[in-house]
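The values are calculated or read from the model by the stated rules, or taken from the named source; none is laboratory data. Just so we're clear, the structure is a prediction, and the values are computed from it rather than from any experiment. Every residue, glycine as well, gets a Cβ built from its backbone with ideal geometry; the counts of neighbours run over all protein chains shown.
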Amino acid sequence: MKTILEKLEEALEWGGIPKDIFCLVLGGLSLVISIFDLIPLPFDAAWIAIILCGLPIVLEAIIGLITAFDIKADVLVSLALIASVLIGEDFAAGEVAFIMQLGALLEELTVSKARAGIEKLVHLTPHTARILTGDEEKIIPAEQVAVGDRIRILPGETIPVDGVILSGQTSINQAVMTGESLPVDKTVGDEVSSGTVNQFGVFEMEATRVGADSSIQRMIRLVQSADAGKAKIVGLADRWATWIVVIALSAAALTWLFTGEIIRAVTILVVFCPCALVLATPTAIMAAIGNATKHGFLVREGDALERLAKVSKITFDKTGTLTYGTPKVTAVGTCSNFTEQEVYAYAVAAEQFSEHPLGKAIVSCYKQEINSSIAPAEQFAMIPGEGVTAMVNSKQVRAGNLNLIKDTPVSHALAVEVEQYLLDGCTVVYVAIEHSLAGYLVLTDTIRQESPQMIRAIYGLGMQPVLLTGDHQNAAEIIGGQLGIKEIHANCLPEDKLSQIEAFQKLGNDVCMIGDGINDAPALKKANVGIAMGGVGSDIAVDAADIALVDDEIRELPHLLMLSRKMMTTIKWNLAFSMGLNFLAIALAITGLLNPVVGALVHNAGSVAVIINSALLLGWKRS
């Protein structure tokens, strides 16, 4: 039976035109020809619609019944089609088949698309590793690395396994694991994770966790397990199909038994076809998706908005989601006889050739905030894991961390002052001129202007925002306080975020996760609904999510939440209207006031009303 259906579908793939579109267009034209008798044919033109649109439905229904006794809406549609054909009501049969084909097409357009997030995660794992044996360096496949092997990592390379640095200093981009945009300085004794990227210096490490135990492989497993546990919503018409079939058959049989008129029984089957019921959900979803698109949301999963309407907790990543994800100079401290302007200018001059994200941020902020030229620098040198040095105005300038200025005394008062910034989650760059400490620059990620108002709107909708961040507790609490978020979870690795979402779900909460980094992918998969920041976010995060916010305008989130609720209200109205119309039509069919053709027209008028009501969602705006 499946072979017959497959051959039919292959035959309909004509000229590269999708079979559903081909069947709908030709079936619709055949119905117009049939009702107006436009072209003389040796058979009723409605048979074209019956074969193209109806035959696949009948075959699917038979396959479902035979192989798994699976009663879906297709069963009742098939009964109505066959009964209409047996009594000669070809147009009614073709009309029902056409409407069902239209519903199937709309439903197909809203189902999930194949995603490649896991495949992209796999590609993050390097294929080779530089193993050191004595004085020899040998490149081997990464999967062959054993615990205890000594590995050399060059600038720009991805670390193949987890390990500990044995020699050298560097900065590591750990965004894949922590989500933080700034690289972290590493030196002897520090741990490094697979999948993270060596930014600058050469270092040697000892492998501690390899193969399936490495960090990147654990993340891949987290994403896979989270995706497998996400339930898919079954169409309402199919959930109610068994009862609809029983009621329709009982009503038709009893009517035939008491009236002796088979045409009334067939009319009942025709008007009881769940066409409007099938259209109720996908038409509303399609219209809501169109509305969401106008507000910058790309809905990648057809049932995502249905799930979003039930959400009670919304978990946020911090960096790149509630904040801009790029550091800015927020304060300048001074000591000795230097002014803030001088400290800033010397630091910018020294950093102007730096490739480090902090150096680039300092130069960028200076250009935006201060309309002044940058002094030329000579003898520029970058010291991995420490900072930069350069000659500016014939003076040696150093800009970097404490390791870079270890030979320069730091007063107790300055250390206390800097410590407070560090506790607040800021990054401090010290500036030394000649052999004296001139001051420091404070850099921090800044909150998006629209974030506080958006959080207030979420509270207004009766939902609970939660902050899940890789930052330490103090920094997380400060950001949370500025935003008005009461529930905060800090120091979160990817598995911690996933575990927290699981804990919320076990307590009966439907959870929406919003993030932008690769490290957010498992949580985005595990949440009932995942929303990724499409502009600044990783493409892997976008692939793992159900919805992508293309332009990163986080202020539009309350609109999406309210839209999902409005869509569910529309669906419920559609369902109530379609079922009410069906029962009214049945009553008229039992009394003989409707024949199959008129019954199909009345019934399909309900389908049109459902489509029009759903279309109103396209222009809906929150008040």
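Here is how the numbers come out for the structure above:
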{"quantity": "Which numbered condition L594 fails, given (1) buried (at least 19 other Cβ atoms within 10 Å of the Cβ); (2) in the same structural domain as A304 (by TED's automatic domain parsing); (3) of a type in the set (A, V, I, L, M)", "calculated": "(2)"}
{"quantity": "Whichever residue in the stretch 510-536 is within 16 Å of I314 (Cβ to Cβ) and in a loop (DSSP other than H, G, I, E, B) and, among such residues, is modelled with the highest pLDDT", "calculated": "D510"}
{"quantity": "Selection count where residues are modelled with pLDDT under 85, within 27 Å of V416 (Cα to Cα) and assigned to a helix (DSSP H, G or I), scope the stretch 319-344", "calculated": "1"}
{"quantity": "Residue tally, condition under 12 Å from L443 (Cβ atoms) and surrounded by fewer than 17 Cβ atoms within 10 Å (Cβ to Cβ), over the stretch 323-359", "calculated": "3"}
{"quantity": "Unique residue being more than 30 Å from L524 (Cα to Cα) and of a type in the set (S, T, Y) when the list is T334, T293", "calculated": "T334"}
{"quantity": "Search result, residues across the stretch 462-509 that are part of a loop (DSSP other than H, G, I, E, B), touching a residue at least 40 places away in the same chain (Cβ under 8 Å) and surrounded by 14 or more Cβ atoms within 10 Å (Cβ to Cβ)", "calculated": "M463, T469, G470, D471, I485, L493, N509"}
{"quantity": "Residue among I514, I586 that is over 25 Å from G460 (Cβ atoms) and of a type in the set (V, I, T)", "calculated": "I586"}
{"quantity": "Test: residue in the stretch 432-442 that is assigned to a loop (DSSP other than H, G, I, E, B) and not hydrophobic (A, V, I, L, M, F, W, C)", "calculated": "yes"}
{"quantity": "Some residue of the stretch 575-591 being part of a loop (DSSP other than H, G, I, E, B), closer than 24 Å to G290 by Cα and outside the structural domain of L483 (by TED's automatic domain parsing)", "calculated": "no"}
{"quantity": "From the options G88, G54, G103, residue that is modelled with pLDDT of 75 or more, crowded, with 17+ Cβ neighbours inside 10 Å and over 30 Å from I151 (Cα atoms)", "calculated": "G54"}
{"quantity": "Some residue of the stretch 276-290 being surrounded by fewer than 24 Cβ atoms within 10 Å (Cβ to Cβ), at negative phi and either basic (K, R) or assigned by TED's automatic domain parsing to the domain that holds E419 (or both)", "calculated": "no"}
{"quantity": "Candidate set from the stretch 345-369 (those that are hydroxyl-bearing (S, T, Y) and assigned to a helix (DSSP H, G or I)); member that is farthest from V410 (Cα to Cα)", "calculated": "S364"}
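Residue by residue, here is whether (1) over 26 Å from D520 (Cα atoms); (2) at pLDDT below 85 holds:
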position	(1), (2)
E119	no, yes
L124	no, yes
A129	yes, no
I151	yes, no
G163	no, no
T170	no, no
V176	no, yes
S181	no, yes
V188	yes, no
